[in-house]
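What follows is a single structure, written as structure tokens, with notes after it.
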Amino acid sequence: MTYDVIVVGGGHAGIEAALASARMGQNTLLISILAEQVGATSCNPAVGGLAKGHLVRELDALGGEMGLLTDEAGIQFRILNITKGPAVRGSRAQIDMDRYRVIARNKILTTPNMSLIQETVNALIIEEGVVVGVRTHLLNEYRAKKVILTTGTFLNGVVHIGEITQEAGRFGEFPAKGLTDSLREAGLNVGRLKTGTCPRVDSSSIDFSVMEIQDGDELPNPFSFRTDRAEFARTKKQLPCYIAYTNEETHSLIEGNFHRAPLFTGQIEGVGPRYCPSIEDKINRFRDKERHHLFIEPQTAENTECYINGMSTSLPPDVQRAMIHSVHGMENAKIVRYGYAIEYDYVDPTELKHTLETKKVKNLYCAGQLNGTTGYEEAAAQGMMAGINAALSLQGKEPLILRRDEAYIGVLIDDLVTKGTKEPYRMFTSRAEYRLLLREETADLRLGKYGHALGLIDDAQMERIETKRSQITEGLKLLEETVYTPNKEFLAFLASIDEEHITDKLTGIQLVSRKSFELDKLVKLIPSFAELDPYIQEQILIEAKYARYVEKQSDDIERMNKMLHIAIPEGFDFRSVSGLSNEIVDKLYKFNPPTLQAASQISGITPAALDILHIYIKMAG
Ligand code: FAD
């Protein structure tokens with residue numbers, strides 16, 4: 001059986017990789033251990049969040065599936081950080097995890113050029129440094145021109161709950177064995193990481209009446225640019241989450257059982273996610289904290305089972321029960337599934353090119369948690385890019401490599417393949433140098449053109465994107481060109497909208513960029529804006545407020561792009577450059593890059609190192 005592309009693993013990375021490849025016309029096979037677990041959310045029933053929401057929006061702008069799946073399966077939508085600057089706001093949705101799986105699987109099964117088979121891949125077939133297929137536990141051999149691995153937490157997975165350990169890819173699911181050996185035999189550097197999840201509780205045993213309620217946004221925003229916003233806001237049914245707290249009793253219980261925590265007994269060797277610590281880790285590290293938040297999140301629309309977000313743990317079952325019962329509102333709670341930790345193999349991402357193809361094995365791509373990341377969104381973003389680049393390569397076309405200044409996806413992949421990671425990597429807005437340019441709401445404006453060129457975004461959507469762009473541009477132009485004079489009439493108008501008066505002439509842009517100038521004042525200032533969708537009005541206001549900063553970031557990018565074209569003189573003495581680490585100097589000698597652009601592609605060469613190099617090259621010239 002021969003295919004163009006084989007994707008191994010039907011998680012969030014695998015779904016996007018397979019759909020992108022099939023939609024780009026490649027005959028694609030998705031192999032996954034359990035067909036009904038395609039699209040399973042291993043951890044919390046939620047998509048998005050700070051910086052992760054950006055990834056989903058970008059994925060959607062390219063024609064990916066996660067945003068659409070979330071809009072359909074979502075049961076609560078919120079914009080986080082709404083009081084902070086728009087660049088760091090993030091969309092987050094609670095999802096019905098059962099529904100999510102069903103619609104993801106249906107999408108796979110109904111997409112042309114796609115086949116799904118339930119099997120476990122246990123070896124790669126590599127001939128003379130080129131992958132040509134895979135072998136499965138049923139002794140089937142599938143041949144393909146490209147193979148994309150998206151195996152998540154399954155490679156040699158071992159689950160820990162207290163003293164109990166079990167080989168598993170997720171609790172209750174077979175691990176994937178054998179594949180790591182293939183990767184090692186091919187010379188790839190493989191490491192071990194760890195992550196963990198929280199207990200799930202029978203909702204009918206929780207007393208929600210004593211907890212704080214956390215509702216979704218009054219007007220929910222969809223994730224996908226392709227979802228009708230007005231219709232969505234009007235029809236989407238939402239469920240609340242609840243907030244509870246740990247207390248002194250919970251903490252002393254946990255502390256009293258540190259000696260049984262696999263995290264501290266040496267039973268777990270893999271490094272865990274720093275920013276998603278287990279509750280035992282939190283109690284250990286922040287001993288003086290009186291309480292920790294717990295978010296009680298429904299797992300499905302029926303709300304029969306809740307995910308106790310904030311209580312990730314691998315403590316033994318008896319301790320987990322006592323911990324849960326110590327929380328106000330959960331005194332009689334019944335655990336349905338215990339929390340656990342999992343250790344698994346990952347591929348050192350510096351083994352990969354920016355296309356996510358491995359450097360050592362031609363036509364083999366890796367994406368998702370396998371590359372050392374954590375999170376559905378990080379996984380999906382990589383899967384999409386691996387799928388796109390595998391298809392582009394088969395079509396003999398240039399790869400799509402998103403730059404750091406045009407997408408969080410670019411930041412994610414660049415960080416991974418140039419710096420590598422020793423702990424589960426998650427996205428943060430702080431990782432992006434140009435975050436003002438990378439707002440969630442500009443993802444379609446930034447990336448839609450790529451999705452359209454790839455055939456993943458249709459003409460009608462592209463037209464909507466261009467209309468949005470021109471409405472915003474026109475709106476900004478109007479604000480730029482309108483000059484307000486501090487005459488009596490205008491000062492009276494400012495007073496009527498509760499805005500500070502002006503003493504000098506101001507352009508509309510200068511006026512609306514004041515902190516106090518909010519959306520409701522915009523239409524009063526420029527009545528013709530009333531004809532625009534409120535969403536477009538908001539985008540105009542945000543762009544106007546950030547115009548100065550955006551311009552500065554654009555200048556920085558231009559400067560950086562010019563800098564990257566600078567040649568490094570032959571025989572350049574890298575040792576004479578103070579401020580470069582020995583590791584960087586060694587790498588520069590090893591690879592001897594001809595330009596700063598080439599230097600920037602070497603793993604571990606940071607933007608700061610490039611800046612210093614640039615200065616020294618200029619001095620030498
Ligand atoms: P997965 O979603 O793991 O999917 C992998 C898929 O590949 C599965 O369908 C599997 O069956 C299939 N597969 C694997 N090997 C083979 C094979 N050899 N042959 C065929 N099919 C195969 N993320 C967070 O952001 N925060 C957290 O706190 C967090 N905690 C987690 C806790 C646990 C216990 C687990 C298991 C995951 C946790 N995650 C967390 C991670 C999150 O689930 C992943 O980041 C995300 O699901 C990764 O997506 P993926 O597509 O790379 O892999």
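The values are calculated or read from the model by the stated rules, or taken from the named source; none is laboratory data. Everything quoted here is computed from the prediction, not taken from an experiment. Note that we place each Cβ from the backbone using ideal geometry, even for glycine, and neighbour counts take in every protein chain shown.
So, of the residues in the stretch 474-524 that are within 19 Å of Gly85 (Cα to Cα) and of a type in the set (Lys, Arg), which turns out to be surrounded by the most Cβ atoms within 10 Å (Cβ to Cβ)?
Lys521
Can you name the residue in the stretch 395-412 that is touching an Asp or Glu at 6+ places or on another chain (Cβ under 6 Å) and away from the ligand (no atom under 16 Å from the Cβ) and, of all such residues, is farthest from Leu445 (Cα to Cα)?
Among them, the one singled out is Arg404.
Yes or no, residue by residue, for (1) in contact with a Leu (Cβ under 9 Å, 6 or more places away or on another chain); (2) of a type in the set (S, T, N, Q); (3) in contact (Cβ under 8 Å) with a residue 12 or more places away in the chain:
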| site | (1), (2), (3) |
| --- | --- |
| Asp573 | no, no, no |
| Val585 | no, no, no |
| Thr595 | yes, yes, yes |
| Ser600 | yes, yes, yes |
| Ser603 | no, yes, yes |
| Pro607 | no, no, yes |
| Leu613 | yes, no, yes |
| Met619 | no, no, no |
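Consider the stretch 31-43. How many of its residues are within 8 Å of the ligand (Cβ to nearest atom) and either surrounded by fewer than 24 Cβ atoms within 10 Å (Cβ to Cβ) or β-branched (Val, Ile, Thr) (or both)?
9
Could you count how many residues in the stretch 161-173 are more than 10 Å from the ligand (Cβ to nearest atom), in contact (Cβ under 8 Å) with a residue 12 or more places away in the chain and assigned to a strand (DSSP E or B)?
3
Taking the stretch 266-314 as the search range and keeping residues that are in contact with a Lys or Arg (Cβ under 8 Å, 6 or more places away or on another chain) and hydroxyl-bearing (Ser, Thr, Tyr), which one is surrounded by the fewest Cβ atoms within 10 Å (Cβ to Cβ)?
Per the criteria, the residue is Tyr275.
How many residues are aliphatic (A, V, I, L, M), closer than 23 Å to Asp4 by Cα and near the ligand (Cβ under 8 Å from one of its atoms) when one looks only at the stretch 337-389? Let's see the steps before the verdict.
Initial filter on the stretch 337-389 (aliphatic (A, V, I, L, M)): 341-342, 347, 352, 356, 361, 364, 367, 370, 379-381, 384-386, 388.
The next check asks that each one be closer than 23 Å to Asp4 by Cα; those that pass are 352, 356, 361, 364, 367, 370, 379-381, 384-386, 388.
Narrowing further to those that are near the ligand (Cβ under 8 Å from one of its atoms): 367, 370, 379-380.
Number of matching residues: 4.
Conditions (1) farther than 20 Å from Arg57 by Cα; (2) β-branched (Val, Ile, Thr), marked per residue:
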site	(1), (2)
Gly90	no, no
Ile117	yes, yes
Ala123	yes, no
Val130	yes, yes
Arg135	yes, no
Leu138	yes, no
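With the checklist (1) assigned to a loop (DSSP other than H, G, I, E, B); (2) aliphatic (A, V, I, L, M); (3) at pLDDT 95 or above in hand, flag the one item Leu412 doesn't pass.
All conditions pass for Leu412, except number (1).
For Ile148, only one of the following conditions fails: (1) within 15 Å of the ligand (Cβ to nearest atom); (2) part of a strand (DSSP E or B); (3) more than 28 Å from the chain's Cα centre (by Cα). What is its number?
Here Ile148 clears every test but (3).
With a cut-off of at least 2 residues that are over 28 Å from the mean Cα position of the chain (by Cα), name the strands (runs of 3 or more DSSP E) lying wholly within the stretch 314-402.
Counting at least 2 such residues, we get 335-337.
Only one residue in Asn81, Asn27 is polar (S, T, N, Q) and free of Cβ contacts under 8 Å to residues at least 40 places away in the same chain. Which one?
Asn81
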